[in-house]
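Engineer: For reference, the structure I am asking about is given below.
The values are calculated or read from the model by the stated rules, or taken from the named source; none is laboratory data. Bear in mind the structure is a predicted one, so any value in this text is a computation, not a measurement. No Cβ is skipped: glycine too gets one built from the backbone with ideal geometry, and neighbour counts run over all protein chains shown.
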Amino acid sequence: MRSILLGVTFLFFSNLLIAQNHGRFWYFGENAGLDFSTSPPTVLNDGQLNTIESCSAISDDLGNLLFYTDGTSVWNKNHIVMTNGQGLSGSSSSAQQLIVRNRTTTNEFLIFTVNGNTGLSYSVVDMTLDNGLGDVDVSRKNISMNQSAQEKVTAYINPLVTVNWIVTFNNGLYFSYPLINGSIDITNPTVSALTATSVLTDERGMLKISPDGSKIANTSVGDINGAFLTDFDPITGAISNPIRLTSSTAFNRFYGIEFSPDSRLLYVNSNTENSSNACGITNQREIFQYEINGSSNWNQNPNFLGGSTGSPSSRGSLQLAPNGKIYFARNCQPWLGVIENPTQIGTFANYVDDAIPLANGTRSREGLPNVAVQVYANTFNTVNGIATLDLGSDGCSISDPMFSNSQFNVSSLNFNFNFLSGNTGSYFVNMPNGIFTVTPSPENPTYWNFSPPNVIVDFPTQTSPFTQDFCVTANGSIEDLEVIVVPLEQARPGFDTDYKVVVKNKGNVTTSGIVTLDFEEDFMNLLSSTPTAATPATNQLSWSVSNLQPFQMEEFLFTMTMNTPTQTTNPLNDGDVLTFTGVVIGTGTDAMPVDNTMVFDQTVVNSYDPNDKTCLEGKTIDPSDVGEYVHYMIRFENTGMASAVNIVVKDEIDLSQFDITTLIPLGGSHDYYTRIREGNVVEFIHENINLDFNDATNDGYVLFKIKTLNTLVAGDTFDNTADIYFDFNAPIVTNTETVSIMSTASVGEATDNSITIYPNPANNFINATANNAIESISITDMNGRMITATQFTGAVNEQRLEIGELSSGIYFVTIKSNAGQKIEKLLVE
């Protein structure tokens, strides 16, 4: 059986490699050409083709040029027009023509031409004619297929299946013609009527089928937001489920379009003008990248990769090449643009405008050779593997735990980014051809030894997918415990509120210890705890931690009943702050004691948005904590009328405030995986979560930590906002969680949480109110300099302070009452 499977595998790759050779030579534009047998491709100047848009070329199984066409004439490999190679019914200004091999014989090829006046036709080139140079068979020339077809045609060509398809489009109707055993059936197309796509009324545009054969894309440059992505069934030829691609910018005239080799990303040439294809026109263009079925509303929020910064700059085709890169036609220019890494998301795709200089005397126009790209589905590379923790120092095995949620770095001369492994320790990453170094980059690299320390891959010299596992051993014996206090709900007066304390072993030895949780007993009562907590003091809970292995986490749940606002003593009101302190103590010396204690300040609310973001360190951190981890919790709740199948929590990290390389997921309510794209966009992706809409079970959360930059200083603020996508609905934007860096009240100084100031922002004055008598108000600037200090007499719990002399900016206001003090940030407009 093994030898049969090897034979089938060899046949599979042999067929694909042979088919890839058919696209080795490109001829396009004004006498321009490329030979993809080299890297970068060799530029050519021997082409005779001079076309505005339409072009296609074909080579034999070994990659030798056979012929090329502009839809009206056919040139042989000697660049001479074939004897009967003139008068084809296409047009050099049609967007697409196509050449397909008749798979029942190596001698015949089909040229599919499209003309806005005559529709779709095909002609047969027989390579046995003219002494092997080939010629058009006059008996099978300009055979009409569809007179209503517009100037676009594409194909699903898979050498491993029996039925292939030729597809064209007109006014909301897709026509899929079966190509079986070298014969095209022009009488029985599969017709798919998609009313939504009937808005594509301008013929100028393109059809493309994805490399995996599952999708088809359609553009129309004359129609605003004129592009659709649909499903394609390679078994039946049926097309369904149209999704419109849009842009909220002026770049909303779509022309060229192409899929990434892994069919996951879609690239579009987007323009500001519905212009002609003459040189010197006024237009600006952009290359958009859509992540198919990515975050909700992915079809409305493309990534911008680059384009022109001025005019003139015309529209152009996008075409996937045999080397796995996507090329862009720079109209009227001696250059082609190129997307270097089209399987990578965002700017990592690396679009270069002046990428390929064409041969002297030649230049690009709008078109590039239209090629069926199914044979290019493997022109990207994958590195994957598992990181395993060798606890017994006897070699990694399947019984050892995984080294989970760790960052990896991928680098080369022009390619550098980080990605995260999953909870299971497994990782995978896509990359183009080239030499790359993959290096593990854990939170505390000095704790661990990796074998190997990194891996260098060289594609395509090495075979993809390339598997590299990492075996991780302890570097010495290091105890390092971490505690996190997590609110599972907002605290509301009179309600029960759930919390948990999480202890994580970040060290490289098995550890035991004690975790305690201090709470404000005057404002809440313990309802329950799981496992049952000991109570060493009336305001403290305690649990034992036993034999916690490296990377293992243990959770302790507890529920508090909050005081009501009407209680006679210690009433709890909206705006009050409750303080929880978690402490974990191990059996040895902790290598990083700073995270053995966590103080969580929770602001009490009455009504609240269930989709929110909270910094667990509170609204302020001390300047001494700059450069350390802060913890964020993002909560989501399905308030709709149907279950949410997929949920994506998207967080764009401000790189001027945070170090993205330190981000570590800390779990959540449901299974998810984490990815980092574009260098700073973090997505927590919940696939098939099926979160229902019943009030008791419709919520969840994610938790992560990240370090602030150590360049922040006292007076600075850092903030963070998240977008929550429920399936294809518009994102729900959380609150912006702003944290100030400032010294809090001195030790021994009580905090009066009843103090508030308003208005904020302010212009001429502020009011300060409290439940207690206000004694003084002082204002300092961002540098800590005292601006004003005012003392008050009498037992008055509301005071007004004039601030008309203050310049616009941010200040800190310290209000003292006879019960304590509070510091608030003030924005003066």
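Engineer: Would you mention how many residues in region 495-517 are more than 30 Å from Trp448 (Cβ to Cβ) and either hydroxyl-bearing (Ser, Thr, Tyr) or in contact with a Leu (Cβ under 8 Å, 6 or more places away or on another chain) (or both)? Can you show your working first?
Structural biologist: Of the residues in region 495-517, the ones more than 30 Å from Trp448 (Cβ to Cβ) are 495-499, 517.
When the remaining residues are screened for being either hydroxyl-bearing (Ser, Thr, Tyr) or in contact with a Leu (Cβ under 8 Å, 6 or more places away or on another chain) (or both), the result is 496-499, 517.
Residues meeting the conditions: 5.
Engineer: Take region 166-190 and flag every residue that is among the small types (Gly, Ala, Ser) and more than 13 Å from Tyr156 (Cβ to Cβ).
Structural biologist: Going residue by residue through region 166-190, those that are among the small types (Gly, Ala, Ser) are 172, 176, 182-183.
Of everything in region 166-190, those that are among the small types (Gly, Ala, Ser) and more than 13 Å from Tyr156 (Cβ to Cβ) turn out to be Gly172, Gly182, Ser183.
Engineer: Another question, if that's okay. Out of the residues in region 651-672 meeting the condition of being touching a Phe, Trp or Tyr at 6+ places or on another chain (Cβ under 8 Å) and outside any loop (DSSP other than H, G, I, E, B), tell me which one is nearest to Glu637 (Cα to Cα).
Structural biologist: Residues of region 651-672 touching a Phe, Trp or Tyr at 6+ places or on another chain (Cβ under 8 Å): 651, 654, 657-658, 662-666, 668-669, 672.
Still in the list and also outside any loop (DSSP other than H, G, I, E, B): 651, 658, 662-666, 668.
Numbers: Asp651: 17, Phe658: 27, Thr662: 28, Leu663: 24, Ile664: 23, Pro665: 20, Leu666: 19, Gly668: 13 Å.
The selected residue is Gly668.
Engineer: Name the single residue, out of those in region 89-123 being touching a Leu at 6+ places or on another chain (Cβ under 6 Å) and of a type in the set (A, V, I, L, M), that is surrounded by the most Cβ atoms within 10 Å (Cβ to Cβ).
Structural biologist: Val114
Engineer: Give the residues of region 416-441 that are surrounded by 19 or more Cβ atoms within 10 Å (Cβ to Cβ), closer than 26 Å to His670 by Cβ and of a type in the set (S, T, N, Q), sorted by residue number.
Structural biologist: Ser421, Asn430 - these are the residues of region 416-441 that are surrounded by 19 or more Cβ atoms within 10 Å (Cβ to Cβ), closer than 26 Å to His670 by Cβ and of a type in the set (S, T, N, Q).
Engineer: In addition: Under 8 Å between Cβ atoms, which residue pairs at least 6 apart in sequence (or on different chains) link something in region 719-736 that is outside the structural domain of Lys619 (by the TED database) and more than 26 Å from Thr708 (Cα to Cα) with a partner that is in a loop (DSSP other than H, G, I, E, B) and modelled with pLDDT of 90 or more?
Structural biologist: No pair meets every condition.
Engineer: Taking the conditions exactly as written (of a type in the set (A, V, I, L, M) and out of contact with any Ser or Thr (no Cβ under 8 Å at 6 or more places or on another chain)), does Ile478 satisfy them or not?
Structural biologist: Numbers: of a type in the set (A, V, I, L, M): yes; out of contact with any Ser or Thr (no Cβ under 8 Å at 6 or more places or on another chain): yes.
Taking the combined requirement at face value, the residue satisfies it.
Engineer: Now for a separate question. Listed residues Val483, Val455; which is under 16 Å from Pro665 (Cα atoms) and in contact (Cβ under 8 Å) with a residue 24 or more places away in the chain? Quick ask: steps written out before the conclusion?
Structural biologist: On the way: Val455 fails: under 16 Å from Pro665 (Cα atoms).
Going through Val483, Val455 in turn, just one is under 16 Å from Pro665 (Cα atoms) and in contact (Cβ under 8 Å) with a residue 24 or more places away in the chain: Val483.
Engineer: Please go through (1) at pLDDT below 85; (2) crowded, with 20+ Cβ neighbours inside 10 Å; (3) among the polar types (S, T, N, Q) for Asn720 and return the number of the only condition it doesn't satisfy.
Structural biologist: Of everything listed in (1) at pLDDT below 85; (2) crowded, with 20+ Cβ neighbours inside 10 Å; (3) among the polar types (S, T, N, Q), Asn720 misses just condition (1).
Engineer: Filtering region 244-253 down to residues that are within 15 Å of Ala217 (Cβ to Cβ) and surrounded by fewer than 19 Cβ atoms within 10 Å (Cβ to Cβ), which residue is modelled with the lowest pLDDT?
Structural biologist: Applying the filter and picking the extreme gives Thr246.
Engineer: So which residues in region 773-829 are in a loop (DSSP other than H, G, I, E, B) and basic (Lys, Arg)? Outline the logic, then answer.
Structural biologist: Step one: of region 773-829, the residues in a loop (DSSP other than H, G, I, E, B) are 773, 781-785, 792-797, 803-808, 818-819, 829.
Passing the criteria: only Arg785.
Engineer: How about region 421-435: which of its residues are assigned to a strand (DSSP E or B) and either modelled with pLDDT of 85 or more or of a type in the set (Val, Ile, Thr) (or both)?
Structural biologist: From region 421-435, those assigned to a strand (DSSP E or B) are 426-431, 434-435; that's our starting set.
Across region 421-435, the qualifying residues are Ser426, Tyr427, Val429, Ile435.
Engineer: Does any residue of region 447-470 turn out to be among the aromatic types (Phe, Trp, Tyr), closer than 25 Å to Glu678 by Cβ and part of a strand (DSSP E or B)?
Structural biologist: To start, the set of residues in region 447-470 that are among the aromatic types (Phe, Trp, Tyr) comprises 447-448, 450, 459, 466, 470.
From what's left, closer than 25 Å to Glu678 by Cβ: 459, 466.
Of the ones still in play, those that are also part of a strand (DSSP E or B) are 459, 466.
Yes: region 447-470 contains one or more residues that are among the aromatic types (Phe, Trp, Tyr), closer than 25 Å to Glu678 by Cβ and part of a strand (DSSP E or B).
Engineer: Let me ask you something else. Does Arg264 meet the test of being modelled with pLDDT under 95 and buried (at least 24 other Cβ atoms within 10 Å of the Cβ)? Spell out how you get there, then give the answer.
Structural biologist: Numbers: modelled with pLDDT under 95: yes; buried (at least 24 other Cβ atoms within 10 Å of the Cβ): no.
No: the conditions fail for Arg264.
Engineer: Condition test on Leu389, is it over 15 Å from Ser317 (Cβ atoms) and crowded, with 18+ Cβ neighbours inside 10 Å? Steps first, answer last, please.
Structural biologist: Working: over 15 Å from Ser317 (Cβ atoms): yes; crowded, with 18+ Cβ neighbours inside 10 Å: yes.
For Leu389, the condition - over 15 Å from Ser317 (Cβ atoms) and crowded, with 18+ Cβ neighbours inside 10 Å - is met.
Engineer: With respect to Ala387, is the statement that it is modelled with pLDDT under 95, in a loop (DSSP other than H, G, I, E, B) and touching a strand residue (DSSP E or B) at 6+ places or on another chain (Cβ under 8 Å) true? Let's see the steps before the verdict.
Structural biologist: Numbers: modelled with pLDDT under 95: yes; in a loop (DSSP other than H, G, I, E, B): no; touching a strand residue (DSSP E or B) at 6+ places or on another chain (Cβ under 8 Å): yes.
When the stated conditions are applied, Ala387 does not pass them.
Engineer: Can you tell me which of Thr711, Thr697 is under 27 Å from Ser406 (Cα atoms) and without any contact (Cβ under 8 Å) to a residue 24 or more places away in the chain?
Structural biologist: Working: Thr697 fails: under 27 Å from Ser406 (Cα atoms).
Of Thr711, Thr697, the one residue that is under 27 Å from Ser406 (Cα atoms) and without any contact (Cβ under 8 Å) to a residue 24 or more places away in the chain is Thr711.
Engineer: When you scan region 117-173 for strands (runs of 3 or more DSSP E) that lie fully inside it, which ones turn up with 1 or more residues that are on the phi > 0 side of the Ramachandran plot and out of contact with any Cys (no Cβ under 7 Å at 6 or more places or on another chain)? Give the steps one after another, and end with the answer.
Structural biologist: Details: elements: 119-126, 143-146, 153-156, 163-170.
Answer list for region 117-173: 119-126.
Engineer: Take region 698-720 and flag every residue that is of a type outside the set (Ser, Thr, Tyr) and part of a strand (DSSP E or B).
Structural biologist: Taking region 698-720 and keeping what is of a type outside the set (Ser, Thr, Tyr), we get 698-700, 702-707, 709-710, 712-716, 718-720.
Once the filter is applied, which keeps residues that are of a type outside the set (Ser, Thr, Tyr) and part of a strand (DSSP E or B), region 698-720 yields Asp699, Gly700, Val702, Leu703, Phe704, Lys705, Ile706, Lys707, Phe718, Asp719, Asn720.
Engineer: I'm trying to understand the selection: among the residues of region 500-517, which are over 37 Å from the mean Cα position of the chain (by Cα) and crowded, with 17+ Cβ neighbours inside 10 Å?
Structural biologist: Initially, region 500-517 is screened for residues over 37 Å from the mean Cα position of the chain (by Cα), giving 511-517.
Result: Thr511, Gly513, Val515, Thr516, Leu517.
Engineer: Ok, one more. What residue, among those in region 22-48 that are crowded, with 20+ Cβ neighbours inside 10 Å and under 33 Å from the mean Cα position of the chain (by Cα), is modelled with the lowest pLDDT?
Structural biologist: Gly23
Engineer: Of the residues Asn573, Asn563, only one is over 24 Å from Asp480 (Cβ atoms), assigned by the TED database to the domain that holds Asn596, at pLDDT 90 or above and not hydroxyl-bearing (Ser, Thr, Tyr); which? Working first, answer last.
Structural biologist: Values: Asn573 fails: at pLDDT 90 or above.
Exactly one residue qualifies, and that residue is Asn563.
Engineer: Right, here's the next one. I'd like to know if region 527-546 contains one or more residues that are free of Cβ contacts under 8 Å to residues at least 24 places away in the same chain, of a type in the set (A, V, I, L, M) and part of a strand (DSSP E or B). Steps first, answer last, please.
Structural biologist: If we filter region 527-546 for residues that are free of Cβ contacts under 8 Å to residues at least 24 places away in the same chain, which is where we start, we get 532, 534-539.
Okay, now just the ones that are also of a type in the set (A, V, I, L, M), so 534, 537.
Still in the list and also part of a strand (DSSP E or B): 534, 537.
Looking for residues that are free of Cβ contacts under 8 Å to residues at least 24 places away in the same chain, of a type in the set (A, V, I, L, M) and part of a strand (DSSP E or B), one finds at least one in region 527-546, hence yes.
Engineer: To continue, here is another question. Only one of Thr461, Thr497 is free of Cβ contacts under 8 Å to residues at least 24 places away in the same chain and either within 36 Å of the chain's Cα centre (by Cα) or farther than 30 Å from Thr587 by Cβ (or both); which?
Structural biologist: Numbers: Thr497 fails: free of Cβ contacts under 8 Å to residues at least 24 places away in the same chain.
Checking each option against the conditions leaves just Thr461.
Engineer: For Leu194, all conditions in the list (1) among the hydrophobic types (A, V, I, L, M, F, W, C); (2) in contact with a Leu (Cβ under 9 Å, 6 or more places away or on another chain); (3) closer than 20 Å to Asn299 by Cβ; (4) surrounded by 23 or more Cβ atoms within 10 Å (Cβ to Cβ) hold save one; what is the number of the exception?
Structural biologist: So Leu194 meets the others, but not (4).
Residues are listed down the side, and each one gets a yes or a no for (1) modelled with pLDDT of 90 or more; (2) more than 25 Å from Val429 (Cα to Cα); (3) crowded, with 20+ Cβ neighbours inside 10 Å:
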site	(1), (2), (3)
Leu655	yes, no, no
Asp659	yes, no, no
Tyr673	no, no, no
Gly679	no, no, no
Asn688	no, no, no
Asn698	no, yes, no
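Engineer: When region 63-87 is examined, which residues are found to be farther than 20 Å from Thr106 by Cα and part of a loop (DSSP other than H, G, I, E, B)?
Structural biologist: Asp70, Gly71, Thr72, His79, Ile80, Gly87
Engineer: Now for a different question. Considering only region 752-768, state which residues are of a type in the set (Val, Ile, Thr), touching a Ser or Thr at 6+ places or on another chain (Cβ under 9 Å), crowded, with 17+ Cβ neighbours inside 10 Å and not in a loop (DSSP other than H, G, I, E, B).
Structural biologist: Taking region 752-768 as the starting set, the residues that turn out to be of a type in the set (Val, Ile, Thr) are 755-757, 766.
Next cut, touching a Ser or Thr at 6+ places or on another chain (Cβ under 9 Å) only: 755-757.
Then drop every residue that is not crowded, with 17+ Cβ neighbours inside 10 Å, which leaves 755, 757.
The one that is of a type in the set (Val, Ile, Thr), touching a Ser or Thr at 6+ places or on another chain (Cβ under 9 Å), crowded, with 17+ Cβ neighbours inside 10 Å and not in a loop (DSSP other than H, G, I, E, B): Ile757.
Engineer: Could you list, in sequence order, the residues of region 568-593 that are polar (S, T, N, Q) and either surrounded by 14 or more Cβ atoms within 10 Å (Cβ to Cβ) or within 37 Å of the chain's Cα centre (by Cα) (or both)? Before the answer, list the steps.
Structural biologist: Of the residues in region 568-593, the ones polar (S, T, N, Q) are 568-570, 573, 579, 581, 587, 589.
Matches in region 568-593: Asn573, Thr579, Thr581.
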